[in-house]
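Trainee: Below: one structure in structure tokens.
The values are calculated or read from the model by the stated rules, or taken from the named source; none is laboratory data. In this text, all values refer to a predicted model and were calculated from it rather than measured experimentally. For neighbour counting, all protein chains shown are included, and Cβ atoms are generated from backbone atoms with ideal geometry for every residue, glycine included.
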Amino acid sequence: MSRNYNLLIVDDEESLRTILVSELSDAGEFDIETAADGGQAINLIQGKVYDVILLDIRMPRVSGIEVLKFVQEYSPTTQVIILTNYADLRTAIQTIKLGAYDFLSKPYDFDVLLNTIHRAIERKQLFIDNKLMKSELNRKAGSPELIGESPSFLKLVESATRFAASDSFILIQGASGTGKELIAGLIHRRSPRNNRPFVAVNCASIPDTLLESELFGHEKGAFTSAVAAKQGLVEVAHGGTLFLDEVGDISPTIQPKLLRFLETGEFRRVGGTNLLTVDVRVISATNKDLREEVAAGRFREDLLYRLHVITLRIPPLRERREDIPVLADYFLGRKGKARNPKRLSPGALQALLMHDWPGNVRELEHLIEGAVLLSSGDVIGEADLGMHLQRREADPAGPTPPADGAALTLDDLEKIHIARVLQDQGFNRTRTADILGISKKTLYLKIKKYGLKIPE
């Protein structure tokens, strides 16, 4: 069952509030609260995140216009539907310019009202998606799908699916590049919250001074650059899932505030005094041993116990080598041409199976991407991978690969590949250019760019 949406009805007519509560309660998809005037509505909005507000324009003391302006500044993701009399039609149109989603004239048709609420909810979700899209695109580098057939991987997916139905906190442990965010996304999609936001926060990439504001938001004037109030990501994730990636990197100064939020669902914006409450399911992930972090005094023990009600461990790629051919084929399909994807030679596949994969699935994806770009034919050979050079002696014509197994850049791979083809062709530039599919001039420029040594 999906999570109910929070709905606030603001109208000074008690009879109308009663009718709306009765009719909307029958829909079975809303948690409804009411306010008899604008002042009461503002007090409620300061303590809770609402998805939609049904708002009357004409009310004593604090008007609907004032409430709308407050919502736009304090909780901009909340959608406002104006309820108005025909005589206030001109004012209602003005509210659209102020940020209201839509307006309905009294008396209203219930089906029209319900459809308008549903569209407002869709608009809120679109607003959140757009707000998160840029950071998500910058964060995510890899497949949005879970690929694997090994028993350990299938058991992990089965466990994640089983735990998704609960609201218990989950800690995902695994080395970098194993796909912790993909598992978190699977849990969200299989959970009752799947129609609400999935908000991912990379705690390691945000400075300590900004992380609290990013998570919990801030009030206008809280610090020098806070020219307007800002909702935190915990508010954006209301009703859905908050994914705290690299939670082991959160500083000791932020950990107590995070613990309080996890315990109560309550928080204060930076610079604010109002206590807000949201309903989120928290999934966290780390590549560290948090027990060692606790022993070293870098991580709170009570926070650790709160985070790992359930723990899922993602095995590194070297422990599920039977998934390497499946993953490689998948990445070849994604990185190559759709109609004629390249394939691995038996030697190349064997090299992949023998590699230790310190960078896990992410390293495999990047290596396949480089091989697709650098290979000249339809078959990717062992020499096209570059990784095998870690076990060879230094090449006099080319670079010495890193001995520690660090991932190579695309420039490194291109340099290694050109050097190898030059050597194989006896340093004949014409034949080398033909094999690489580039002009002699381009080859000359690349030899110069990479400082390759050509025997006289």
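Trainee: If you take the residues of the stretch 82-105 that are touching a strand residue (DSSP E or B) at 6+ places or on another chain (Cβ under 9 Å), assigned to a helix (DSSP H, G or I) and of a type outside the set (S, T, N, Q), which of them is nearest to His238 (Cα to Cα)?
Mentor: Once the filter is applied, the top-ranked residue is Ile96.
Trainee: Let me ask something else about it. Is it fair to say Leu215 is assigned to a helix (DSSP H, G or I), under 15 Å from the mean Cα position of the chain (by Cα) and within 30 Å of Trp357 (Cβ to Cβ)?
Mentor: no
Trainee: Given the criteria more than 15 Å from Ala120 (Cβ to Cβ), of a type in the set (Phe, Trp, Tyr) and touching a residue at least 40 places away in the same chain (Cβ under 8 Å), does Tyr50 qualify?
Mentor: Criteria not met by Tyr50.
Trainee: Looking for something in a helix (DSSP H, G or I), surrounded by 15 or more Cβ atoms within 10 Å (Cβ to Cβ), assigned by TED's automatic domain parsing to the domain that holds Val10 and modelled with pLDDT of 90 or more - is there at least one such residue anywhere in the stretch 70-81?
Mentor: yes
Trainee: Look at the stretch 249-285 and say how many of its residues are farther than 21 Å from Ile42 by Cβ, among the hydroxyl-bearing types (Ser, Thr, Tyr) and modelled with pLDDT under 95.
Mentor: Count: 3.
Trainee: Suppose we filter the stretch 307-328 for residues that are surrounded by fewer than 18 Cβ atoms within 10 Å (Cβ to Cβ) and either under 22 Å from Arg281 (Cβ atoms) or of a type in the set (A, V, I, L, M, F, W, C) (or both); how many remain?
Mentor: 5
Trainee: Given the residues Glu219, Glu212, Glu235, which is the only one that is within 23 Å of Tyr5 (Cβ to Cβ) and of a type outside the set (Gly, Ala, Ser)?
Mentor: None of the others qualify; the one that does is Glu235.
Trainee: Working only within the stretch 187-211, note down all residues that are among the hydroxyl-bearing types (Ser, Thr, Tyr) and over 21 Å from Arg269 (Cβ atoms).
Mentor: Ser191, Ser205
Trainee: Return yes or no: is Lys257 in contact with a helix residue (DSSP H, G or I) (Cβ under 9 Å, 6 or more places away or on another chain) and either closer than 25 Å to Gln125 by Cα or of a type in the set (S, T, N, Q) (or both)?
Mentor: No, not satisfied.
Trainee: May I ask you to say which residue of Gly232, Gly240, Gly265, Gly185 is at positive phi and either assigned by TED's automatic domain parsing to the domain that holds Lys155 or small (Gly, Ala, Ser) (or both)?
Mentor: So the residue among Gly232, Gly240, Gly265, Gly185 that is at positive phi and either assigned by TED's automatic domain parsing to the domain that holds Lys155 or small (Gly, Ala, Ser) (or both) is Gly265.
Trainee: Among what's in the stretch 242-287 and is among the aromatic types (Phe, Trp, Tyr) and outside any helix (DSSP H, G or I), pick the residue that is farthest from Lys180 (Cα to Cα). Break it down into steps so the answer makes sense when it comes.
Mentor: Step one: of the stretch 242-287, the residues among the aromatic types (Phe, Trp, Tyr) are 243, 261, 267.
Subset that is outside any helix (DSSP H, G or I): 243, 267.
Working: Phe243: 10, Phe267: 27 Å.
Filtering the stretch 242-287 for residues that are among the aromatic types (Phe, Trp, Tyr) and outside any helix (DSSP H, G or I), the one farthest from Lys180 (Cα to Cα) comes out as Phe267.
Trainee: If you check Glu266, Glu235, which single one turns out to be within 17 Å of the chain's Cα centre (by Cα), among the acidic types (Asp, Glu) and farther than 22 Å from Ile314 by Cβ?
Mentor: Glu235
Trainee: Does Phe299 satisfy the condition of being part of a helix (DSSP H, G or I), more than 20 Å from the chain's Cα centre (by Cα) and surrounded by 21 or more Cβ atoms within 10 Å (Cβ to Cβ)?
Mentor: no
Trainee: Could you tell me how many of the residues in the stretch 31-49 are surrounded by fewer than 22 Cβ atoms within 10 Å (Cβ to Cβ) and within 27 Å of Lys230 (Cβ to Cβ)?
Mentor: 11
Trainee: Of all residues in the stretch 184-212, count the ones that are assigned to a helix (DSSP H, G or I) and exposed (fewer than 14 other Cβ atoms within 10 Å of the Cβ). It would help to see each step written out before you state the result.
Mentor: Quick first cut of the stretch 184-212, residues assigned to a helix (DSSP H, G or I) only: 184-189, 208-212.
Narrowing further to those that are exposed (fewer than 14 other Cβ atoms within 10 Å of the Cβ): 189, 208-210.
So the count comes out to 4.
Trainee: More than 26 Å from Phe70 (Cα to Cα), surrounded by fewer than 22 Cβ atoms within 10 Å (Cβ to Cβ) and free of Cβ contacts under 8 Å to residues at least 40 places away in the same chain, is that true of Val157?
Mentor: Judged against the criteria, Val157 is a match.
Trainee: Those residues that are within 18 Å of Val234 (Cβ to Cβ), in contact with a helix residue (DSSP H, G or I) (Cβ under 9 Å, 6 or more places away or on another chain) and either outside any loop (DSSP other than H, G, I, E, B) or among the basic types (Lys, Arg) (or both), I need them from the stretch 41-69; list them, please. Spell out the reasoning first.
Mentor: To start, the set of residues in the stretch 41-69 that are within 18 Å of Val234 (Cβ to Cβ) comprises 45-51.
When the remaining residues are screened for being in contact with a helix residue (DSSP H, G or I) (Cβ under 9 Å, 6 or more places away or on another chain), the result is 45-46, 49-51.
Matches in the stretch 41-69: Ile45 only.
Trainee: Taking the options Gly265, Gly272, Gly221, name whichever one is within 16 Å of Ser168 (Cα to Cα) and surrounded by fewer than 22 Cβ atoms within 10 Å (Cβ to Cβ).
Mentor: Going through Gly265, Gly272, Gly221 in turn, the sole match is Gly265.
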